[in-house]
Amino acid sequence: QVQLVESGGGVVQAGDSLRLTCAASGRTSSASARGWFRQVPGKERAFVAAINWDGSSARYADSVKGRFTISRDNAKNTVYLQMNSVKSEDTAVYYCGAGPVLVTALDRYSYWGQGTQVTVSS
């Protein structure tokens, strides 16, 4: 089992920056890739960014390329999502997922955190 806890959400203004944190515990070696997804009411959870086990490879949704950066610190079992130049459309609950490999598909992630709300005011 892998436990994930997200933090860092809040209310920010358009153009501001925010950093989300995902702390992992448990058998993290069994699900070493990490992904960030986001969800708004009435819509499916959507891929944002993902990173492989050692941080050497990452992927991003087109909507966040050039603005968001995913990174990890394996010594701390923590993954980050640096969000710069945020827009109102970035408002969502952000979830961290853990899976065996770097993928963008929601159903390939076996473990999820409880989510953290990000609200961007314009």
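The values are calculated or read from the model by the stated rules, or taken from the named source; none is laboratory data. Note that this is a predicted model, so its numbers are computed, not measured. Here the Cβ positions follow ideal geometry from the backbone for every residue, glycine too, while neighbour counts run over all protein chains shown. The area values use the complete protein model at the heavy-atom level, side chains included, leaving out ligands, DNA and RNA. Shrake-Rupley method; radii C 1.70, N 1.55, O 1.52, S 1.80 Å.
Protein heavy-atom surface of the chain, 1.4 angstrom probe: 46% of the accessible area is carbon and sulfur, with nucleic acids and ligands not counted.
Listed values for region 62-78 are Karplus-derived 3J(HN,Hα) couplings in whole Hz (6.51 cos²θ - 1.76 cosθ + 1.60, θ = phi - 60°), namely 4, 5, 10, 4, x, 10, 10, 9, 9, 8, 8, 10, 5, 5, 9, 6, 10, and x replaces Gly and Pro. Would you mind checking region 51-80 for residues with the amide N under 15 Å from a putative spin-label position 7 Å along Cα→C-beta of Arg27? Correct set: none at all. Think of each Lys and Arg Cβ as +1 and each Asp and Glu Cβ as -1; about the Cα centre, that makes the dipole of the chain roughly 140 debye. Each of Asn84 and Val11 was given a label point 7 Å from its Cα along the Cα-to-Cβ line. The distance between the two points is 2.7 nm.
Here the Gaussian network model covers the chain, with springs between Cα atoms less than 10 Å apart; of Leu106, Leu81, Leu20, Leu106 fluctuates the most. Extension gain for Asn74-Asp107 works out to 9.5 nm (0.36 nm per residue, less the C-alpha to C-alpha distance).
Solvent-accessible surface of the chain, averaged per residue with a 1.4 angstrom probe and all protein chains in place: 51 square angstrom. Within the same chain, aspartates and glutamates fewer than 8 places from Lys76 are excluded, and of the rest, those with a Cα less than 19 Å from its Cα are Glu6, Asp54.
In the chain, what percentage of the DSSP-assigned beta bridges are antiparallel, given to the nearest 5?
Expressed as a percentage, antiparallel bridges in the chain total about 90.
Find the relative contact order for the chain and round it to a whole percent, using C-alpha pairs within less than 8 Å whose residues are 6+ positions apart.
Numbers: 321 pairs, mean separation 44.9, N = 122.
Once divided by the residue count of the chain, the mean separation gives 37 percent.
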